[in-house]
Amino acid sequence: MEKSYIDDIDNENLDLGDCICSALKLEEVDVNSYSPLVLAYIGDSVYDVIIKSMVINKGNRQVQKIHQNTSYFVNACTQSLMMRNIQSHLTEEENAIYRRGRNSKAITPAKNQSVTDYRRATGFEALIGYLYLKKKYGRLTELIKIGLDGIPEFDS
């Protein structure tokens, strides 16, 4: 039987990011070399997984209801509101990453989103991506919790 990468690592003691890097043999990259839009690209996915984890934790429901609940949190308007809640809690470094993302030349917003919300949401996602790639998972979840605390609860 062929030896697996799992045989080489003690995956019980690795976080998801380390498991991904180990399994896929990803090289270390300087996070500061990524453009703000690349940070936002990965940040969008990380935020999506966190929100979906939170939503499904509320119990087994129809997938359509889970999707509606998730969509409430994963849109530019809500992310913009969350960013307003988070901003006073950011370090200088985090604020710089957020501003780079917010000021980037992003694609045009969806027709139901304001340009301001879209740009603020892009900055938010860039910050989430940066913290994820820096493996600052505690800080990442702390900021998301602060942001969520200021969002009205969604009932479905």
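Details
- Ranked list, fewest to most other Cβ atoms within 10 Å of each Cβ, for Ile128, Ile56: Ile56, Ile128
- Calculated P(r) of the chain - Cα pairs past 22 Å, %: 46 percent
- Helix-only CD estimate at 222 nm, as mean residue ellipticity for the chain, using -39500 (n - 2.57) per DSSP H run (n ≥ 4): -19500 deg cm²/dmol
- Tensor-based shape of the range 71-145 (alpha-carbon gyration tensor, a/c under 1.5 rounded, otherwise prolate or oblate): prolate
- Förster radius 25 Å - calculated FRET efficiency between Glu142 and Gln62 (Cβ-Cβ, nearest 0.05): 0.20
- Residue-span extension gain [Lys134 to His89] - 0.36 nm each, minus C-alpha spacing: 14.4 nm
- Cross-link pairs Lys52/Lys136; Lys65/Lys134; Lys65/Lys135; Lys111/Lys135; Lys25/Lys58 - those with Cα-Cα distance over 29 Å: Lys65/Lys134; Lys65/Lys135; Lys111/Lys135; Lys25/Lys58
- Ranked list, fewest to most other Cβ atoms within 10 Å of each Cβ, for Lys111, Lys65: Lys111, Lys65
Each reported figure results from applying straightforward, stated rules to the coordinates on display, with no laboratory input. Because the structure is a prediction, the values reported are computed rather than measured. Cβ sites come from the backbone with ideal geometry, for glycine too, and all protein chains shown count toward neighbours.
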